[in-house]
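S.K.: I have a structure here, written as structure tokens, and I will follow up with some questions on it.
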Amino acid sequence: MGGMGKTTLARALYNSIFKDFEGSAYVDDIRGTLRQTEKMVLLQKNLLSQMLTMRKEEILLNSDAEGSRIIKDRLCRKRVLLILDGVDDMGQINSLADKRDWFGKGSRIIITTTDENLLNAIGADIHKVKRLGDPEARELFRKHASGSRNRIIKGDLVDRALQHTRCVPLALEVLGRAFATSEENEWKSKLDDFAESSDQSINKVLRVSYDALDYKKQQIFLHIACFFNGWSRRYVEGVLKNCELLVETEVNDLIRRSLIMDENGTLRVHDLIELMGKNIVVGECHGDVAKRSRLWRLMDVRNVLSRDVVRVYDMDIKIFVPPCPIQKLSLDSSEISFTSHKQYHCFFECVQGTDAVAAIVLAPPEPEKIEICSDAFKKLENLRFLIMINVQTDFRDPIYLPRELRWFEWPECPASCLKLTYPDNLAVLAVRRRLFKEPREP
């Protein structure tokens, strides 16, 4: 996970021991660099210039392949210290430090990364950076929060700061600086703001691991972050597998990247990472929740499920239609005919964007009641799974399940309300067992 202090520790270690080696180099700004690119050649020049105490302009490289050969030729007899900070692709290791025999006996190569798979692939000794202990976290926060004025911060505010940041060094530093640049009467609101929206600089660091995932793993991560923090891993894997999203190795990969955790069979997501995932989904559309891929907040679910396909208003609108045969639009048993553009006094507004919703999970701690329209689910054409627990409605109208639905779990919903238009795609149906009784013929 980003923000844990890997770079800080690596830099401190480098500064304390580099004089013990015949040559040394600290190479950063590696992330995102691909082989056979100009930037990779620049990284190789940087490495060689530090190791050989030469100016970069004096090092002539025509390709990264030539750079790799020169690194090996010039350093294979030197005892060197090399730190590669922020590696996220095996090609970077191959171009900068591919084999142990590239460097002399007694050399030390240190790699910082958020992807444990890379280190396993090269057989490296892995040292995981742990979160700060309580005393260290308090000291770090107070150091940044007190600022130059050395102000005293109350213990309850420090406790809340540690709770919100989970002792992640980057988060402690950012929140501490927010305290240092504000007045004491603003500190509580700073904590509230941080808990709600985190901070852009933190999100940027935390997104490094997310951005490195392929599309399928990104979707699995977003599902877990938005819906399943604190849920049984076995249950979650069952849901996602039936939605054609999951094999076990992908969850294990998210764990290795420190995006999620498995605590005795329960999936956990760090508060800051959960918030990052939810911010990604909210960022899909700020203006209309129905254009987001996932819904987990009560007010958003109410908003979408209560929408009719067509809303009726009394309004004047102007419609433009290119020259073509007369068309008719039927609304509430009335018809509007139009040719080109004219002024009409009519009564409708189309609701758009509901086809973006792929998943809904709502499990409030206390029973909640929502109102849904008769076509609430029919219009959610891309809905893959719906889980609603502790949620009630009047169930006056039948519920038409959408075609792409794989998992429908709503314990409060009676089976008699469901219309299984496309049952072949449905893998799991969990509802209340109360069958509808047909009225007898008189």
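S.K.: Rounded to whole Hz and in sequence order, give me ³J(HN,Hα) for region 284-296 from the Karplus expression 6.51 cos²θ - 1.76 cosθ + 1.60, θ = phi - 60°, writing x for Gly and Pro.
M.R.: Coupling constants for region 284-296: 5, 6, 7, x, 9, 5, 6, 9, 9, 6, 9, 10, 9 Hz.
S.K.: Still on this model: Any idea how far apart Met90 and Lys130 come out in nm if each label point goes 7 Å out from Cα toward Cβ?
M.R.: Modelled inter-label distance: 3.2 nm.
S.K.: With just the Cα atoms of region 60-142, tell me how far they stretch along each of the three principal axes, in Å, largest first.
M.R.: Rounded to whole Å, the extents work out to 49, 27, 25 Å.
S.K.: Under the rule a/c < 1.5 gives rounded, and otherwise a/b versus b/c splits prolate from oblate, where does region 1-111 land using the Cα gyration tensor?
M.R.: Cα axes put region 1-111 in the oblate bin.
S.K.: Please list, by residue number, everything in region 8-52 whose backbone N is under 16 Å from a paramagnetic label point 7 Å out along Cα→Cβ of Arg177.
M.R.: 8
S.K.: Separate question: Please report the antiparallel percentage of DSSP beta bridges with both residues in region 15-127, rounded to the nearest 5.
M.R.: Given both bridge residues lie in region 15-127, the antiparallel proportion sits at roughly 0 percent.
S.K.: Run the reach check for Lys190 against lysines, Cα to Cα strictly under 26 Å, same-chain hits fewer than 8 apart removed. What comes back?
M.R.: Qualifying lysines at Cα under 26 Å: Lys143, Lys154, Lys204, Lys278.
S.K.: What does the highest-first list of 56-66, 261-271, 78-88 look like by mean Cβ count within 10 Å?
M.R.: The packing order, highest mean first, is 78-88, 261-271, 56-66.
S.K.: What's the center-to-center distance, using Cα atoms, between region 42-101 and region 361-432 in Å?
M.R.: With region 42-101 and region 361-432 each reduced to a Cα centre, they are spaced 58 Å.
S.K.: Find out how many positive minus negative residues lie around Glu186, taking Lys and Arg as positive, Asp and Glu as negative, among other residues whose Cβ is under 12 Å from that of Glu186.
M.R.: On the way: positive: Lys188, Lys190; negative: Glu183, Glu184, Asp192, Asp193.
Surrounding charge for Glu186 is -2.
S.K.: Something else now. Could you order the peptides 280-293, 396-409 from most to least packed, using the average number of other C-beta atoms within 10 Å per residue?
M.R.: Packing order, densest peptide first, comes out as 396-409, 280-293.
S.K.: Below 15 angstrom from the Cβ of Arg100, what's the summed charge of the other residues (Lys, Arg +1; Asp, Glu -1)?
M.R.: Charge balance in the 15 Å sphere: +4.
S.K.: At a 1.4 Å probe radius, carbon and sulfur cover how many percent of the accessible area of region 76-154?
M.R.: Here it works out to 48 percent.
S.K.: Where does each of 234-243, 382-391 land if you order them by average Cβ count within 10 Å, highest first?
M.R.: Per-residue mean Cβ counts within 10 Å order the peptides as 382-391, 234-243.
The values are calculated or read from the model by the stated rules, or taken from the named source; none is laboratory data. Predicted model, so just to flag it, every value in this text is computed and none were measured. Please note: Cβ atoms are built from the backbone with ideal geometry, for glycine as well, and neighbour counts cover all protein chains shown. Heavy atoms of the whole protein, side chains included, go into the accessibility calculation; ligands, DNA and RNA do not. Shrake-Rupley method; radii C 1.70, N 1.55, O 1.52, S 1.80 Å.
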